[in-house]
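This report concerns only the one structure given below.
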Amino acid sequence: MEPTTSEDSGGLGGDSLDIGAMCAARGWSRSRLISAMRRAAATDGAKLPGDDSLKRMIRLWINGERRPSDEYAALLARTFGVVQVHTGGDSTDGFLDLLARAESSVDAELVDRFEAQTQSLRVLDRRLGARRLLGQAEAHAQNVADLVQWAEFGAVREGMAATGAEAAALAGWLALDLGKASDSWRLHNLARALAVEAGDTAVVAHVTAQQAYALLDAGRTSRAVKQFEAARQMAGTRVPGVVRSWLFAAEAEAHAAAGDTSTTLDLLDRATAALDDDDVPFVVLDSAHLARWRGSCLARLGHPEAIQVLNDALNRLDPDFNRAAAGLHADLATAYTVARQPDAARHHAQDAAKLSAATGSNRQRSRILALLGAEREQVQ
């Protein structure tokens with residue numbers, strides 16, 4: 001399939017999507033839409049006209065001056081990750097068709113399939129990083145969210161909403177790792193809305209806390225602390241132990257960034273005490289990962305124990321967790337810089353740089369650049 005390159009192709013096309021609204025919901029600019037269209041077209045080997053032509057076509061479509069051809073309508077549906085509906089001009093404007101599609105397709109098996117797709121993206125993220133996966137993860141999350149809107153109220157809808165929340169939170173984390181803080185914030189808002197729809201306290205607390213990392217990375221430490229605290233308080237004791245442990249450790253990281261040593265150490269101890277063997281798909285946490293987290297907090301605080309804890313965590317880390325390894329090396333570079341051991345700091349900074357380049361982690365790259373600058377200041 002190769003969409004026609006003529007701007008006059010839209011007059012008799014298929015049912016048009018509300019392109020402006022869908023871009024607004026995703027926070028997409030026209031340039032972002034064009035990039036997404038090119039990615040979607042590339043999967044079918046289709047060729048598109050130049051950016052200037054596409055911009056004119058999109059303007060005409062959004063202003064209602066033309067409609068996309070059937071080929072472009074199909075391409076846009078794939079770009080936005082939605083199911084294209086042909087209404088045939090019926091008086092209900094496709095409403096009954098949408099209901100029928102949801103009623104026939106949204107069931108427990110579909111929820112499981114979407115959850116399996118999210119889990120597959122998680123595993124790929126650990127090994128490949130966010131750069132190759134963000135577009136796919138965002139389209140997946142939006143596709144699930146779109147289906148939730150039409151699903152019948154009940155257990156299946158709640159399960160679909162919980163799955164969508166986890167998918168949107170994953171996409172939000174990938175966006176943050178790539179340095180796209182605004183996209184991350186928007187995706188986490190979507191995740192929280194879906195989690196509330198699902199009535200799942202554990203998911204609501206998790207996505208609320210995870211969103212706070214955007215604040216932490218932006219230097220809004222006091223506001224981040226408040227959001228982490230709110231997430232932990234809303235969870236209470238009603239969530240699995242592994243989620244409570246994650247929430248304690250995440251809040252500890254924020255307090256470490258604020259330089260509050262006593263609160264940080266208390267929260268880390270509470271995280272260790274809460275950790276159990278509960279199996280929760282959206283949280284991967286065991287004693288090795290918790291040790292990594294403790295070491296990271298200690299490194300932020302300049303605590304002398306940080307080097308030993310981090311080296312122990314590095315030796316225990318699963319080799320599939322490439323981004324986590326990059327973070328560990330960056331933390332060790334921090335700890336060795338504080339300890340005034342520049343050779344060791346440089347060694348771990350270089351390892352962190354290699355791993356962050358492989359995974360495309362702009363978040364870790366920014367940390368490493370800051371570390372190398374601090375090291376140069378020490379030498380001078």
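A compact table of results
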{"quantity": "Pair list, Cβ < 9 Å and 6+ apart or interchain, from segment 73-87 residues that are at pLDDT 80 or above and open to solvent by less than 30 Å² (accessible area, probe 1.4 Å) to residues that are among the acidic types (Asp, Glu) and not in a helix (DSSP H, G or I)", "calculated": "Ala73/Asp15; Leu75/Asp44"}
{"quantity": "Residue, least open to solvent (accessible area, probe 1.4 Å), within segment 127-146, restricted to residues that are in a helix (DSSP H, G or I) and more than 25 Å from Ala21 (Cα to Cα)", "calculated": "Leu128"}
{"quantity": "First in segment 125-138 and over 20 Å from Thr163 (Cα atoms), second anywhere and of a type in the set (Gly, Ala, Ser) and open to solvent by 10 Å² or more (accessible area, probe 1.4 Å), Cβ under 7 Å, 6 or more apart", "calculated": "Gly129/Ala358"}
{"quantity": "Residue in segment 247-285 that is most open to solvent (accessible area, probe 1.4 Å), counting only those that are closer than 18 Å to Val203 by Cβ and out of contact with any helix residue (DSSP H, G or I) (no Cβ under 7 Å at 6 or more places or on another chain)", "calculated": "Asp279"}
{"quantity": "Flag for Ser296 being among the small types (Gly, Ala, Ser), in contact (Cβ under 8 Å) with a residue 12 or more places away in the chain and buried (at least 20 other Cβ atoms within 10 Å of the Cβ)", "calculated": "yes"}
{"quantity": "The lone exception for Glu109 - which of (1) free of Cβ contacts under 8 Å to residues at least 24 places away in the same chain; (2) of a type in the set (Asp, Glu); (3) under 25 Å from Ala42 (Cβ atoms) it fails", "calculated": "(3)"}
{"quantity": "Qualifying helices (runs of 4 or more DSSP H) (wholly inside segment 155-236; at least 2 residues being in contact with a Lys or Arg (Cβ under 9 Å, 6 or more places away or on another chain) and at positive phi)", "calculated": "none"}
{"quantity": "Answer from Leu176, Leu124 - the residue that is under 30 Å from Ala326 (Cα atoms), open to solvent by less than 60 Å² (accessible area, probe 1.4 Å) and at pLDDT 85 or above", "calculated": "Leu176"}
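The values are calculated or read from the model by the stated rules, or taken from the named source; none is laboratory data. Because the structure is a prediction, the values reported are computed rather than measured. Virtual Cβ from ideal backbone geometry, glycine too; neighbours counted across all protein chains shown. Surface accessibility is based on the protein's heavy atoms, side chains included, excluding ligands, DNA and RNA. Shrake-Rupley method; radii C 1.70, N 1.55, O 1.52, S 1.80 Å.
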